[in-house]
Amino acid sequence: EAWKKIERLKDNIEIGKRYVWVTTSEDNWGMGEILAYDKVTDTFKEMREFTGQILDIARDGDYMWFSDDSGPRISRYNENDGTWLDYNYPARPIWGGENAYHGEIVVEVEYVWFGRSSRGDAAPWLRRYNRATNTFEKFDFMVDKIALDGQFVWFSGTGPMDWYGEVIYENPEIRRYDELTNKLEKVKEGNDISVNLINVDETSVWFGGFY
């Protein structure tokens, strides 16, 4: 067996159609870079650099989705033709730009969900990409984690944090979206539900977090 070492901090690894995708950064807040291991040629190559940290990566058939904390914030790579498509959106100015605390991408059949909770007082949001219309829908609330559960999509968040890591939002929430009725409902809120983990089994939805 041969081991290959990749220098720098590794943030995410995702298996694509032809490539194994690896995102790296110089340090916790440094410039992000996307590397790809070509399964055909058995080689690594640099695919792209970002001005900020890459928060998450997800496979979507022939596409790879990326989210980052600087710009363009949401990007999609087509593994068939090797092209990039960037989805930019206005930033709320805060010390020179919007600063994300966490990013989350979850892929399902009709939609791709992008969650984000923010550092400082930047606006948190949840976005849903509609494949049929090639459009994004925005929901204005914080999201740390997303989980699929049959007809439901679950969301949770700990709230925006200040620069010292303290949660500054007083009412963390758990919400649930019903894909049959297209309704988003608040299931629980309060300081006792600071949730940053969700998982689903056959009978239950599990939440984990901290006080």
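So that you can scan it fast, the table gives a plain yes or no per residue for (1) within 26 Å of Asn182 (Cβ to Cβ); (2) at pLDDT 55 or above:
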| residue | (1), (2) |
| --- | --- |
| Arg76 | yes, yes |
| Asn80 | no, yes |
| Asn88 | no, yes |
| Pro93 | no, no |
| Ile105 | yes, yes |
| Glu108 | yes, yes |
| Pro124 | yes, yes |
| Arg127 | yes, yes |
| Phe136 | yes, yes |
Quick count over region 2-30, residues being under 17 Å from the mean Cα position of the chain (by Cα), open to solvent by 60 Å² or more (accessible area, probe 1.4 Å) and modelled with pLDDT under 80, is 3
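The values are calculated or read from the model by the stated rules, or taken from the named source; none is laboratory data. As the structure is a prediction and not an experimental result, all values here were calculated from the model. A quick note on method: Cβ atoms are made from the backbone with ideal geometry, for glycine too, and the neighbour counts reach across all protein chains shown. The area values use the complete protein model at the heavy-atom level, side chains included, leaving out ligands, DNA and RNA. Shrake-Rupley method; radii C 1.70, N 1.55, O 1.52, S 1.80 Å.
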